[in-house]
Amino acid sequence: MIRAIFPGSFDPIHNGHIDIACRAARLVDELIVGVYDQPLKEFIFSPEERLQLVQEALKNTPNIIVVGYSGLTVEYCRQNNIQAIVRGLRVFSDFEFEFRMALANHRLAPNVEVIALITSEAHTFLSSSTVREIASLHGDVSSMVPDFVAKVLYQRFDELAARKSITPLMINRD
Ligand code: ADP
């Protein structure tokens, strides 16, 4: 049985993530989509909210399980008998980051392979930060995220605007 994990911050989940998750799920017996709480990034959604949105987005794919976790991904792999880490690749700049991370993970856990799937053409430009920025300016994100994600995004930015807080938009790479 091949079990893989697709880890990410999913702040929020968008169609590019969904595409990678569904394609990866066809390659393995069980795909765990791991929503991590990464302290180096600031998020607009809490870990519980991100988890809930990912669960809703992927609920129709039977061999996908959505979990939240913290700590090293390779450690989670070791503890849960996971053989591979799935990542999505968009542009060349993703490659350098993913390449370094894959090598580091391989050093820590030589038995865990990295499977990098190339984005589908339609999602090449799509990132959570782009979606956040467009939604924060009340732009149309309907072609980028499921409707229920768009709804909570607009709500969150309205709440933040009401509180007059400064929202973290483009400061984080994703
Ligand atoms: P992270 O903090 O790990 O980068 P993200 O939620 O931003 O978390 O991304 C999770 C994974 O999804 C990463 O491998 C990222 O490269 C991939 N990904 C993000 N956007 C896309 C996209 N449009 N197409 C394909 N893969 C993507």
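As a summary of the residue check, Lys41 satisfies the conditions (1) part of a loop (DSSP other than H, G, I, E, B); (2) without any contact (Cβ under 8 Å) to a residue 40 or more places away in the chain except for the one numbered (2). Within the range 127-166, if we keep just the residues that are basic (Lys, Arg) and either within 13 Å of the ligand (Cβ to nearest atom) or surrounded by fewer than 15 Cβ atoms within 10 Å (Cβ to Cβ) (or both), the residue that is nearest to Gly16 (Cα to Cα) turns out to be Arg132.
Mind checking which residues of the range 81-112 are part of a strand (DSSP E or B), touching a Ser or Thr at 6+ places or on another chain (Cβ under 8 Å) and closer than 19 Å to Asp37 by Cα? Correct list: Ile85, Gly88.
Tallying residues that are hydrophobic (A, V, I, L, M, F, W, C), more than 10 Å from the ligand (Cβ to nearest atom) and assigned to a strand (DSSP E or B) within the range 11-33 yields 2.
Residues being modelled with pLDDT of 95 or more, outside any strand (DSSP E or B), on the phi < 0 side of the Ramachandran plot and more than 15 Å from the ligand (Cβ to nearest atom) are entirely absent from the range 113-126.
Flag: Gly34 does not match the condition of being under 23 Å from Ser136 (Cβ atoms), crowded, with 21+ Cβ neighbours inside 10 Å and at pLDDT 95 or above. As for the range 60-80, it holds at least one residue that is surrounded by 13 or more Cβ atoms within 10 Å (Cβ to Cβ), in a helix (DSSP H, G or I) and within 13 Å of the ligand (Cβ to nearest atom). Across the range 58-85, the number of residues qualifying as under 23 Å from Val149 (Cα atoms) and out of contact with any Asp or Glu (no Cβ under 6 Å at 6 or more places or on another chain) comes to 11.
So that you can scan it fast, the table gives a plain yes or no per residue for (1) closer than 19 Å to Phe10 by Cα; (2) touching a strand residue (DSSP E or B) at 6+ places or on another chain (Cβ under 6 Å); (3) in contact (Cβ under 8 Å) with a residue 40 or more places away in the chain:
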{"position": "Glu48", "(1), (2), (3)": "yes, no, no"}
{"position": "Gln55", "(1), (2), (3)": "yes, yes, no"}
{"position": "Gly71", "(1), (2), (3)": "yes, no, no"}
{"position": "Arg78", "(1), (2), (3)": "no, no, no"}
{"position": "Ile85", "(1), (2), (3)": "yes, yes, yes"}
{"position": "Phe125", "(1), (2), (3)": "yes, no, no"}
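Only one entry of Arg26, Arg50, Arg3 meets the criterion of being surrounded by fewer than 17 Cβ atoms within 10 Å (Cβ to Cβ) and either at pLDDT 95 or above or within 19 Å of Val141 (Cα to Cα) (or both), and that entry is Arg26. Any residue in the range 1-10 that is touching a Gly at 6+ places or on another chain (Cβ under 8 Å) and under 23 Å from Phe157 (Cβ atoms)? Within the range 1-10 (the criterion being touching a Gly at 6+ places or on another chain (Cβ under 8 Å) and under 23 Å from Phe157 (Cβ atoms)), the answer is yes, since at least one residue qualifies.
The values are calculated or read from the model by the stated rules, or taken from the named source; none is laboratory data. Keep in mind that this is a model prediction, so the values were computed, not measured. In this analysis, Cβ positions are derived from the backbone assuming ideal geometry, glycine residues included, and neighbour counts consider all displayed protein chains.
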